[in-house]
Amino acid sequence: MKVVRFKLSGKTAFFKKPDVNTYYYFTYGNIHKIALLGIIGSVLGLGGYNAQSQDFKNNVYPEFYEKLRNSKVSIVPLNEHGYITKKVQTFNNSVGYASKESGGNLIVKEQWLQEPEWLIYVKIDNDTEKFSYMIKNNKAKFIPYLGTNDHFADITEVSELEAEKINDVDKIDSVFETKYFEIDKYQDEKGDTAWKYTEYLPVALDRDLNQYEFSDFTQTNMYIESVNGGIHIYRDEEMNKNLYFF
């Protein structure tokens with residue numbers, strides 16, 4: 001399978017969770033597929049949520065999602081043990097109509113990811129071939145961000161390669177949907193200390209309200225005991241990575 005591989009990183013990132021309150025905005029602990037498709041769409045110059053809002057009647061989804069939702073991606077977090085440090089940033093919103101607080105000043109706190117890094121793989125097809133060409137040539141129609149426009153995305157180390165399907169899978173380096181795999185609970189005592197990152201992440205948008213649909217994802221250095229039928233794992237031989245595409 002032909003794919004484009006690149007390193008995606010930034011100083012900070014903020015992938016906002018919908019479950020927020022008035023004063024505190026939380027982030028997902030990892031980039032998710034919708035956010036990644038948004039980055040691909042920005043490079044290609046596809047419309048986002050703002051463009052969709054101008055004509056909801058004729059736009060079931062944002063343009064980037066309508067055109068890229070069937071694209072296959074694989075995400076390999078590069079931060080240690082799959083965990084990206086979070087820090088809280090505090091902002092003063094002093095616009096009078098934005099706050100009923102005393103003095104018209106609302107203090108808002110956002111949780112940001114610090115120094116995130118991922119190795120990203122995108123299957124090259126009719127919808128993503130131009131994206132691969134553009135990032136290989138350091139081009140983008142719009143500036144890509146890691147969530148919101150406070151967080152610039154760096155796309156580096158771009159290359160195209162053939163990812164080979166493998167049958168014998170003992171470990172997976174990318175995040176994967178937990179429901180399709182059984183993890184071996186008994187690890188080699190002489191091996192590295194076992195670790196596991198899990199989180200429910202957005203994987204699709206529903207048609208009616210464009211709300212997130214979720215799946216449980218895992219990244220781990222533990223051995224894989226079994227893989228559900230019909231699930232394929234691919235290998236990047238150069239980087240020594242086993243990859244789950246979704």
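Quick check: pseudo-label points 7 Å beyond the Cα along Cα→Cβ at LYS109 and ASP150, how many nm apart are they? It is 1.3 nm. For the pair ILE183 and ARG69, label points projected 7 Å from Cα toward Cβ lie 3.0 nm apart. Annotation: the residues THR90, THR198, THR128, sorted from fewest to most other C-beta atoms within 10 Å of their own C-beta, follow the order THR90, THR198, THR128.
Within straight-line reach of LYS241, meaning a Cα separation under 20 Å, sit the following lysines at least 8 residues removed in sequence or on another chain: LYS2, LYS7, LYS33, LYS72, LYS123, LYS165, LYS171, LYS196. Residue order for LYS123, LYS136, fewest other beta carbons within 10 angstrom first, comes to LYS136, LYS123.
For PHE152, PHE246, what's the fewest-to-most ordering of other Cβ within 10 Å of each Cβ? Present the calculation step by step, with values, prior to reporting the outcome.
Numbers: PHE152 13, PHE246 17.
So the residues, fewest neighbours to most, are PHE152, PHE246.
Between TYR200 and LYS7, full extension at 0.36 nm per residue minus the direct alpha carbon distance yields a gain of 67.2 nm. The antiparallel fraction among DSSP beta bridges confined to the range 2-244 stands at about 95%.
Axis of helix 33-44 versus longest Cα principal axis of the chain: the two differ by about 80°, to the nearest ten degrees. The simple spin-label model puts a point 7 Å past each Cα toward its Cβ; for MET239 and ARG207 those points are separated by 3.4 nm.
Taking the convex hull of the alpha carbon positions in the chain and averaging its projected area over all directions gives 15.4 nm².
Between beta-carbons, use under 10 Å as the cut-off and find the net charge around ASN221, counting Lys and Arg +1, Asp and Glu -1. Net charge in that neighbourhood comes out at 0.
Here, each number is a calculation from the coordinates, and none is a lab measurement. This is a predicted model, so every value here is computed, not measured. All Cβ positions, even for glycine, are placed from backbone atoms using ideal geometry, and neighbour counts span all protein chains on display.
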